[in-house]
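The values are calculated or read from the model by the stated rules, or taken from the named source; none is laboratory data. What you see is a predicted model; the values in this text were computed from it and never measured. Glycine gets a Cβ as well: all are built from the backbone with ideal geometry, and neighbour counts include every protein chain shown.
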Amino acid sequence: MILSYHSIDANGLLSTTPPEEFERQMRYIKEKKYKVVPLSRMCLMLERGEDSKGCIALTFDNGYFDFFKNAFPVLKRYNFPATVFLVTGTLGQGVHPTKSKVALAVMSEGDIRRASTANSLIEFMPQSKTSVDLSKLPFAEAVKEINGSRVALESLTNKPADILGYPKGRYTPEIVEYVRTGGQWLGAVTKEARYIQRGDDPFKLPRIQIDSSVTFAAFKKMVR
């Protein structure tokens with residue numbers, strides 16, 4: 001399965017997971033000996049037709065700075081890899097999550113460059129340049145958003161940025177086909193809330209969202 005997080009902080013937003021709850025969740029995964037794998041590894045497993053049962057990929061959308069402050073120390077403690085999806089046009093800025101008046105700080109270019117150089121646990125992958133709904137753009141503009149984000153990120157990290165996080169989870173069949181055939185992408189993730197099944201399309205991968213509404217009892221049930 002792929003778990004999807006956003007902010008890890010005590011800001012009270014629905015899309016946020018409190019740090020103590022995140023720690024509790026990761027400790028549970030470690031204690032139950034689930035296999036946490038990089039999302040890139042999960043994509044390769046699906047491409048090869050391998051069974052991903054018992055494997056978990058951790059993803060974080062929008063690249064909020066609180067990832068470094070509250071999530072990364074926990075991931076490092078348990079040696080868990082993770083994938084951070086970035087909107088490259090908002091790096092170093094403050095952004096407002098949907099329906100929120102609270103602005104959250106986004107990682108800067110320097111943050112990403114240092115993290116990419118210093119450790120191998122974190123994969124940085126693109127969402128778009130501006131977090132626009134790709135399904136509402138002309139196809140050529142959608143391609144520019146996708147490719148511009150990837151080029152910017154690969155120039156920062158000097159590593160492949162070949163898994164796309166569809167902004168807002170939205171796409172068109174034409175966009176999916178482009179990503180599948182138009183540029184050596186490894187896969188793409190959506191916001192469809194379900195578990196991965198063998199034979200799933202690597203370019204429309206579902207994710208289970210974790211936020212402040214998810215109790216620990218619910219989390220354990222989800223993971224089981």
Within region 43-55, track down each residue that is closer than 21 Å to GLN209 by Cβ and either of a type in the set (Asp, Glu) or surrounded by 19 or more Cβ atoms within 10 Å (Cβ to Cβ) (or both). CYS43, LEU46, SER52
Looking at THR59, THR88, THR98, THR83 in this structure, which one is surrounded by fewer than 19 Cβ atoms within 10 Å (Cβ to Cβ), touching a residue at least 60 places away in the same chain (Cβ under 8 Å) and within 22 Å of ASP9 (Cα to Cα)? THR98
When you scan region 108-128, how many residues do you find that are closer than 20 Å to GLY148 by Cβ and in contact with a strand residue (DSSP E or B) (Cβ under 7 Å, 6 or more places away or on another chain)? 8
Hey, SER155 closer than 16 Å to THR59 by Cα and loosely packed, with under 15 Cβ neighbours inside 10 Å or not: no
Can you name every residue in region 1-27 that is closer than 27 Å to GLU50 by Cβ and either in a helix (DSSP H, G or I) or among the hydroxyl-bearing types (Ser, Thr, Tyr) (or both)? SER4, TYR5, GLN25, MET26
Has region 175-196 got at least one residue that is basic (Lys, Arg), modelled with pLDDT under 90, assigned to a helix (DSSP H, G or I) and surrounded by fewer than 19 Cβ atoms within 10 Å (Cβ to Cβ)? no
Could you please give the count of residues in region 137-177 that are closer than 26 Å to ARG113 by Cβ, touching a helix residue (DSSP H, G or I) at 6+ places or on another chain (Cβ under 9 Å) and among the basic types (Lys, Arg)? 2
Sort out which residues of region 8-31 are modelled with pLDDT of 95 or more and either within 23 Å of LYS159 (Cα to Cα) or of a type outside the set (Asp, Glu) (or both), and write them in order of number. ILE8, THR17, PRO18, PRO19, PHE22, ARG24, GLN25, MET26, ARG27, TYR28, ILE29, LYS30
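May I ask you to verify whether SER120 is at pLDDT below 95, crowded, with 18+ Cβ neighbours inside 10 Å and among the hydroxyl-bearing types (Ser, Thr, Tyr)?
On the way: at pLDDT below 95: yes; crowded, with 18+ Cβ neighbours inside 10 Å: no; among the hydroxyl-bearing types (Ser, Thr, Tyr): yes.
Criteria not met by SER120.
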Qualifying strands (runs of 3 or more DSSP E) (wholly inside region 52-166; at least 1 residues being among the charged types (D, E, K, R) and under 30 Å from ARG194 (Cβ atoms)): 122-128
Looking at region 32-42, is at least one residue part of a helix (DSSP H, G or I), touching a Cys at 6+ places or on another chain (Cβ under 7 Å) and surrounded by 15 or more Cβ atoms within 10 Å (Cβ to Cβ)? yes
